[in-house]
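The values are calculated or read from the model by the stated rules, or taken from the named source; none is laboratory data. Keep in mind that what you see is a predicted model, and the values were worked out from it rather than measured. Cβ: placed from backbone, ideal geometry, glycine included. Neighbour counts: every protein chain shown.
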Protein chains: 2
Amino acid sequence: MTYCVGLKLDRGLVFAADTRTNAGVDNISSFKKLSVWDEPGERVITLLSSGNLAVTQAVISLLSEHITTAETDRTTLMTARTMFQVARLVGSAVREVKAIDGEALAASAESFSVTFILGGQIKGERPRLFQIYAAGNFIEVCDDTPFLQIGEHKYGKPILDRVTRPDMRLGEAAKLVLLSFDSTLRSNLSVGMPIDMLLYNTDSFSTERQVRIEQDNPYFQKLSRTWSDKLREAFADIEEFEI
Amino acid sequence: MTYCVGLKLDRGLVFAADTRTNAGVDNISSFKKLSVWDEPGERVITLLSSGNLAVTQAVISLLSEHITTAETDRTTLMTARTMFQVARLVGSAVREVKAIDGEALAASAESFSVTFILGGQIKGERPRLFQIYAAGNFIEVCDDTPFLQIGEHKYGKPILDRVTRPDMRLGEAAKLVLLSFDSTLRSNLSVGMPIDMLLYNTDSFSTERQVRIEQDNPYFQKLSRTWSDKLREAFADIEEFEI
């Protein structure tokens, strides 16, 4: 499985993705699920992927190939003028891969499973955040629900539901997302470290706030320990239930 | 869906079950999913059920009918001498229902889905806790993992993973289970109030600590509010993540 989160906040976007892939519990490896395309000062596009690794890789390779080998009249991630157009390009790439591999996958009783979180900013627009489905269609985040999750989303949802606010600072949101990951990592083996994270400040058109958080990352270790302690303290402070 | 939890602690057993059933999102109703059979001073048997409601009701009706209409040589929930025997009786009832309804369900492309948490104590034994599967087989809880969950288990698992200790008082465990329910109820519409709860003290052979917690229960409302506040405070107390 996978766990990826995207947040759209007043100050920018936050992206995080685990790196575990598995074909059965006895075949586990690490693959990057956070992809970035950028043109400093002009556009930043980030894609988080979950699902069949062959499918997600094919979609990402297609999108990248179209940039380098584009016929002059083809719109690519680097020439699209809005994030809505970018979402349509990703959707088209999903459909293209389905047209190539879908039948053979179905014949092997393998599902064509793939979901993306797409976010970024193109000069002239505000930052935007989308979820793209296996059918190639998509939704865009609105203010009522400022986050998207794909993969093993249930363990880490309660903390996001309770704490997320659109006016959070990005560092605060990063802390929140890492807590959501910590809950998921503790409860589900199919999600694993390291975690790739990108904080995008509105109008920065820069990807410099990007980091890979390894198992031994001191902040993450301390966060995990402190959070457990604080939860237990908070728990102890509430009166017991008596029948 | 459903959410049920059973805990086996040093001091006894804790059971909780929501009451929502739904056939699609436009057909929601309340059904009790916590069943109790007891003989004061001798035995207490509790069953929490999740899955196809027709199947779980059929299993419970069979088990109850066997008690009242038993041939003298048939072992029932009220005559079994160990909880292991009780678990086998429940497993047999599941198989009996499958033999009756399984084929017709399959023909309608409906799954024979059912899972139970079974717990209790029979005089002469310690309290025991089991999970029974749709195949009628089962596992028993050991000290390494003192709780079982069925139904929508993921949202409420992180708090159980972090806080459960076998030496908890039952009132403390009840508080923990209600927090686990609160997280689930907030994030998933298919789990709904009221919650049925039973606290069983080892060697009490009594079911008097049983309660239905309604939406407007003052303890539950306060718990939910206080927990959200404390989580936000705990969250604010931890330093932000900076890249």
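Tabulated data for the structure shown
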{"read-out": "Matching residues, the stretch B:163-186, being in contact with a strand residue (DSSP E or B) (Cβ under 7 Å, 6 or more places away or on another chain), surrounded by fewer than 22 Cβ atoms within 10 Å (Cβ to Cβ) and of a type in the set (Val, Ile, Thr)", "value": "B:Thr164"}
{"read-out": "Pairs where the first residue, in the stretch B:157-176, is facing chain A (nearest Cβ under 7 Å) and within 21 Å of A:Arg225 (Cβ to Cβ) and the second is basic (Lys, Arg) and in a helix (DSSP H, G or I), C-beta under 9 Å, 6+ apart", "value": "B:Lys157/A:Arg186; B:Pro158/A:Arg186; B:Asp161/A:Arg186; B:Arg162/A:Arg186; B:Arg162/A:Arg232; B:Val163/A:Arg232"}
{"read-out": "Tally of residues being of a type in the set (D, E, K, R) and modelled with pLDDT of 95 or more across the stretch B:108-151", "value": "5"}
{"read-out": "Candidates B:Leu63, B:Leu77, B:Leu48, filtered to the one that is part of a loop (DSSP other than H, G, I, E, B) and either charged (D, E, K, R) or under 18 Å from the mean Cα position of the chain (by Cα) (or both)", "value": "B:Leu77"}
{"read-out": "Residue within the stretch B:187-207 that is crowded, with 23+ Cβ neighbours inside 10 Å and either within 10 Å of chain A (Cβ to nearest Cβ) or under 21 Å from A:Ser228 (Cα atoms) (or both) present", "value": "yes"}
{"read-out": "Qualifying residues in the stretch A:1-55 (those that are of a type in the set (Ser, Thr, Tyr) and touching a helix residue (DSSP H, G or I) at 6+ places or on another chain (Cβ under 6 Å)) - the one surrounded by the fewest Cβ atoms within 10 Å (Cβ to Cβ)", "value": "A:Thr21"}
{"read-out": "Number of the condition not met by B:Leu62 [criteria: (1) surrounded by fewer than 21 Cβ atoms within 10 Å (Cβ to Cβ); (2) touching a Gly at 6+ places or on another chain (Cβ under 6 Å); (3) closer than 22 Å to B:Asp196 by Cβ]", "value": "(2)"}
{"read-out": "Hits in the stretch A:107-133 - residues which are in contact with a Gly (Cβ under 7 Å, 6 or more places away or on another chain), among the aliphatic types (A, V, I, L, M) and under 24 Å from A:Ala23 (Cβ atoms)", "value": "A:Val114, A:Ile117, A:Ile132"}
{"read-out": "Selection from the stretch A:185-224 of residues that are at pLDDT below 95, hydroxyl-bearing (Ser, Thr, Tyr) and within 18 Å of the chain's Cα centre (by Cα)", "value": "A:Ser190"}
{"read-out": "Matching option when the condition is modelled with pLDDT under 95 and either assigned to a helix (DSSP H, G or I) or touching a strand residue (DSSP E or B) at 6+ places or on another chain (Cβ under 6 Å) (or both), among B:Gly24, B:Gly91, B:Gly102", "value": "B:Gly102"}
{"read-out": "Selected residue (criterion: nearest to B:Arg186 (Cα to Cα)) from residues of the stretch B:233-243 that are touching a helix residue (DSSP H, G or I) at 6+ places or on another chain (Cβ under 6 Å) and surrounded by fewer than 17 Cβ atoms within 10 Å (Cβ to Cβ)", "value": "B:Glu240"}
{"read-out": "Hey, A:Gly102 surrounded by fewer than 23 Cβ atoms within 10 Å (Cβ to Cβ), over 15 Å from the mean Cα position of the chain (by Cα) and away from every other protein chain (no Cβ under 14 Å) or not", "value": "yes"}
{"read-out": "Pairs, first at the interface with another protein chain (Cβ under 7 Å from one of its Cβ atoms) and within 14 Å of A:Arg232 (Cα to Cα) in the stretch B:216-243, second charged (D, E, K, R) and surrounded by fewer than 12 Cβ atoms within 10 Å (Cβ to Cβ), C-beta under 7 Å, six or more apart", "value": "B:Lys230/A:Asp237"}
{"read-out": "Per-region count, the stretch B:107-124, residues more than 21 Å from the chain's Cα centre (by Cα), assigned to a loop (DSSP other than H, G, I, E, B) and not polar (S, T, N, Q)", "value": "4"}
{"read-out": "Filtered residues of the stretch B:143-162 (kept if within 15 Å of A:Arg232 (Cα to Cα) and surrounded by fewer than 20 Cβ atoms within 10 Å (Cβ to Cβ))", "value": "B:Asp161, B:Arg162"}
{"read-out": "Residue count, the stretch B:112-142 (criterion: hydrophobic (A, V, I, L, M, F, W, C) and crowded, with 22+ Cβ neighbours inside 10 Å)", "value": "8"}
{"read-out": "Number of the condition not met by A:Thr79 [criteria: (1) out of contact with any His (no Cβ under 7 Å at 6 or more places or on another chain); (2) farther than 17 Å from A:Pro127 by Cα; (3) among the hydroxyl-bearing types (Ser, Thr, Tyr)]", "value": "(2)"}
